[in-house]
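Notes follow the structure.
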Amino acid sequence: MPSLQIDTVVKSYDSFTAIKGVSFTAEPGEFIVMVGPSGCGKSTLLRSIAGLETITSGAIRIDGRDITHAEPSDRGVAMVFQNYALYPHMTVAENMGFALKMAGRPKTEIAAAVAKAAKILRIEEHLHKTPKQLSGGQKQRVAIGRAITRAPDVFLFDEPLSNLDAALRSQMRVELGRLHAELKATMVYVTHDQTEAMTMATRIVVMNAGLIEQVGSPLDLYNRPRNRFVAGFLGSPRMNFIKGRIVAAGGRTVTIMAEGLTMPIQLQIEPDADVPAVGDVVTLGLRAETFGTGAPGQIAVPARVAVVESLGRETLIYADAGNLRTFDSESQDGYLAAHRSSQVMLRPGDPLTLSIDPAAFYLFDRNGETLRFPPVSS
Amino acid sequence: MTSRYRLVSIGLHLVMSVWTLFVLAPLCLMFVAAFKSQADIFTRPLGLPRTLSFAAFERAWGIGIGGFLFNSVVVTALSVTLIVVVSALAAYVLARASSRRMQALYLLIVAGFAVPVQSVLVPLYQLVSAAGLLNSQIAIVIPYAAYGIPFTTMLFYAFFLEFPRELEEAARLDGCSRFQVFWRIVLPLSGPVVASAAIFQAVFNWNEFILALMLLTETRVRTLPVGIYGLIGQYSADWPALMAGLAIATVPLLIVFVAAQRHFVRSMSGLGK
Amino acid sequence: MTDVTQQGPLSPRGRRDMLSGAMLLPALALVSLFILAPAVYAIVGSFFEFTITSRNWVFVGFGNYVRAAGDPVFWTALRNNAFLIVGSAITQVGLGTILAAILDRGVRRGNAIYRTIIFMPVVVSSIAVAFVWILILDPNVGPLNAIVKSLGMRPPKLGWLGDPQISLWMLLVIAAWQNVGFQMILVLAGLQSIPKELYEAAALDGAKGLRAFRYITLPGIRNVLIVGTLITVVGGLKVFDLVFVTTGGGPANATQVLGTYSYLQAFRLGNMGYANAMSVVLLAIAVLFGWLQLRLSRKA
């Protein structure tokens, strides 16, 4: 169970830099998930680890061994590709044993390794089929089996579930988790799907524009995002962001007037953050599930239902609260997203009172750095 | 409405049938004349042969068609093999390269497509005769190969560009060298385009006339088209034998065409891109 | 920008470049040696006068081109090429398109049979085509004369290929007989690559019949038509086998084309330099059309 060390890796193309100096270490047996919007460099980084891209500077080490310039097959990595990349002219068994065959291992050893991997993935009955005869989920298992057969130091996954339908995807998530527990291998997994990141990772690496925004455990990132980007990227629906301005500051306590709210809000700044000055523009953050039910001390905001999304047991309400609007959401309408863990009989146009618990606010400074997290309720 | 539709449909069938018969008639004439006697040719130009006689085929064979056939098979097989192998190697390297220098090399090869062989006859003759390779079947294979490479490289290049890169990357991770990726992964999956290219070039080289006319001046080394052409002076009155010889040259191609029609269509639709 | 993998001649990158070079070399060598170098050599040779056997090249400057400009047979050849080019483009592309359109939408039954038979002449060698048509058009034993006579008409006195007024038209007919199938399959492939949904969407937008043809079909096969036309044009420019065997350029050089006339000058009369000059004219026109093809098909 080796570690994987990424050391100030830079990858430049002719006219643009995809990775701008990235470092992190995957400890032995860790399941690292790299997430970020498309074009953030996560796939390039994964391909650089695999040796499919040549990095411009920096170093990649597995268990302390520098593999920066090694051939892909000499690195001790195996990769599971987005489109499976199974060889169509070989059977499942041949696909899975190909790497060992290229390494010149004896036939019996290859057969044993293939059989073992097939057993782990429960694909024994498909070994003599060709990829064309398999369903999407089966192909994905074979692709994973091919990686397992090699017994690599590090497993690499490049959005492996994005071609599967929703039901199969959640099933494969569980299965990959089981596989990780069983193999206890070091894994690096790239996805743009935050559900996959939250459910499978021991640690998540959030990337944006060629840089790492934050590294941490899923709940740590969810509860204590370092900045507005991470706060907005993790969590569905997206965190509501409200513009505000510092009107008073005393000690580590600041008073904020939020756009669309008449009542000032007082918040404590985190001990390690710089206290903003009076007049600074800040952003308040509010997760959808923190809208309360009207308990004392909460701010009541009159609103109107704009869109209702019934998810069965739960309901998402997009509410039009006048001047109290979220900005930088993907839709430009500024509706606040509120989450109810119950079925709600509301229709668009219905009046609605939103209750905001001031303690639930995140606070970000003008540069998006986090000034305050809400306390974690357990 | 339906009766008008029927009328249109019959009209369209009529157009197709007329051209089909027009195409078929000369081909039939070739075979019919090959079975006629010399007397029949003169006395009954539109009639069918009175007896099914292979005499014309025997005469044709007797004056050397067999040798031409053998030469044609050798020259076609060698040149097509050379074209496919050389073009596939080059096209793969070029399709996987991104540098401007390599793109320039691709254009250089493709530029050969624009040069008609008729425009370089004199220099080609000088080149081949200076190398002492006139009247050698092996020697004509090389210019044939050269003139087949630009189009075949274009065909392979387009195919390799569409080839899924992930498969090649998986193979590299599995320990394949660059050449092994090509040999073990890409080539086994290129069957259709190889077949298309091979059949296209086989037809072309089997029928090639002008280079063979210029470079193969001795009867013993000639291929079918130029061999048959060379016999005309001596046997000009023997229409049945001439048609029998042409039938021998044509039938293999018609069989190949009917058996592998879809491969023709594939390489032709490549032209339209 | 420094590349971290460049570490001398034995680095992986270096080995990869060597392998690429080795895989590329045969194609480059063959094309350069047998196509590109001869093309350059033809241009150079067109400024000299020499014969097949002589090693003695006499520089004549533009003499060979001046000679061509004053040679009526050269102009006849050029005119005949132009006639065959324009005639072939109209007959072959036109008929090919009509037949393809009928196959695509008009007829269901017999589709494969029509397609197979009409394409057949494409694979037949032009030598066989030429001889079969010589037999068909023969004044003594040819079936065409027999048919014309049986219809009570009089066949041309000098023969179909012997009368310079008629023989060029006959060449056009033979070329169409051989090549319409090629154009038909080309256009058919283009027609079949147009997604059916486009016609359905156009029908919902109110475009049917001729308007669907104008706005969906024509743009869809535009590229194929350009390629087909240019293939025909270059074919008409390069024509050699058919003319060489059927008329040999005669009677009295009336059906001479650039290909046959430069062959005659080079290998029958020994005027290699003059033949080169005519070849260069042919090459220039071919390269022009090749460039045109590249430009036009890229645009779409």
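A few points about this structure:
- A Gaussian network model of chain B, with springs between Cα atoms under 10 Å, assigns the largest mean-square fluctuation among B:Gly227, B:Gly64, B:Gly11 to B:Gly11.
- Candidates A:Gln266, A:Gln171, A:Gln194, ranked by Gaussian network fluctuation over chain A, Cα under 10 Å, top entry: A:Gln171
- Of the residues A:Ile120, C:Ile136, the one with the fewest other Cβ atoms within 10 Å heads the list, and the complete ranking is A:Ile120, C:Ile136.
- Chain B - mean residue ellipticity at 222 nm from DSSP helices (-39,500 (n - 2.57) per run, n ≥ 4, rounded to 500): -24000 deg cm²/dmol
- This ranking places A:Leu52, C:Leu158 by how few other beta-carbon atoms lie within 10 Å of each, fewest first, which gives C:Leu158, A:Leu52.
- The alpha-carbon of C:Lys238 sits under 19 angstrom from the alpha-carbons of these aspartates and glutamates, leaving out residues fewer than 8 places away in its chain: B:Glu208.
- Residue-wise HN-Hα couplings along the stretch C:233-248, as the Karplus relation 6.51 cos²θ - 1.76 cosθ + 1.60 with θ = phi - 60° gives them from phi, are 4, 5, x, x, 6, 8, 3, 9, 3, 4, 5, 4, 7, 6, 10, x Hz; Gly and Pro carry x.
- Measuring r between the beta carbons of C:Ala284 and B:Ala158 and using R0 = 35 Å, the FRET efficiency lands at 0.80.
- Cross-link partners for A:Lys101 among the aspartates and glutamates, with Cα-Cα distance under 14 Å and sequence neighbours closer than 8 places in the same chain left out: A:Glu109, B:Asp174.
- Placing pseudo-labels 7 Å out from each Cα toward the beta carbon at C:Ile166 and C:Glu197 gives an inter-label distance of 5.7 nm.
- Residue exposure proxy: A:Asp272, A:Asp320, A:Asp74, A:Asp193, ordered by other Cβ atoms within 10 angstrom of their Cβ from fewest to most, comes out as A:Asp272, A:Asp74, A:Asp193, A:Asp320.
- With each label modelled as a point 7 angstrom along the Cα→C-beta vector, the B:Thr51-A:Val247 pair spans 12.1 nm.
- Taking label positions 7 Å along the Cα-Cβ direction at both A:Val275 and A:Lys101, the computed distance is 7.1 nm, reported to one decimal.
- A straight line joining the Cα centroids of the stretch A:216-251 and the stretch C:226-277 runs 80 Å.
- Taking a sphere under 15 Å around the Cβ of A:Val142 and counting the other residues whose Cβ falls inside, with K and R at +1 and D and E at -1, yields a net charge of +3.
- For the stretch A:301-371 versus the stretch A:59-99, the spacing of their alpha-carbon centroids is 46 Å.
- Pairwise centroid distance, computed over Cα atoms, of the stretch A:8-44 with the stretch C:148-174, Å: 77 Å
- Applied to the stretch B:35-49, the Karplus parametrisation 6.51 cos²θ - 1.76 cosθ + 1.60 on θ = phi - 60° returns per-residue 3J(HN,Hα) values of 9, 7, 8, 4, 5, 4, 4, 7, 8, 9, x, 9, x, 7, x Hz, with x for Gly and Pro.
- Summed residue charge, Cβ within 13 Å of A:Asn208's Cβ, Lys/Arg positive, Asp/Glu negative: +3
- Springs join every pair of Cα atoms under 10 Å in this Gaussian network model of chain B, and among B:Pro240, B:Pro45, B:Pro225 the largest mean-square fluctuation is at B:Pro45.
- Net charge of the neighbourhood of A:Tyr335, taken over other residues with C-beta under 9 Å away and scored Lys/Arg +1, Asp/Glu -1, is -1.
- Helical contribution to [θ] at 222 nm, DSSP H n ≥ 4, -39,500 (n - 2.57), averaged over chain A, rounded to 500: -7000 deg cm²/dmol
- The lysines whose alpha-carbon is closer than 28 Å to the alpha-carbon of C:Lys149, local same-chain residues fewer than 8 away aside, are B:Lys36, C:Lys157.
- Of A:Lys20/A:Lys243; A:Lys20/A:Lys139; A:Lys42/A:Lys129; A:Lys139/C:Lys196; A:Lys107/A:Lys129; A:Lys42/A:Lys184, those spanning more than 28 Å from alpha-carbon to alpha-carbon: A:Lys20/A:Lys243; A:Lys20/A:Lys139; A:Lys42/A:Lys129; A:Lys139/C:Lys196
- Loop trypsin sites (Lys or Arg not before Pro), the stretch A:289-378 (other Cβ atoms within 10 Å of the site Cβ: 12 or fewer; DSSP): A:Arg313, A:Arg366
Computed from the coordinates by the stated procedures, all read-outs in this text should not be read as laboratory data. Computed from a prediction, not measured in an experiment: that's the story for all the values here. Every residue, glycine as well, gets a Cβ built from its backbone with ideal geometry; the counts of neighbours run over all protein chains shown.
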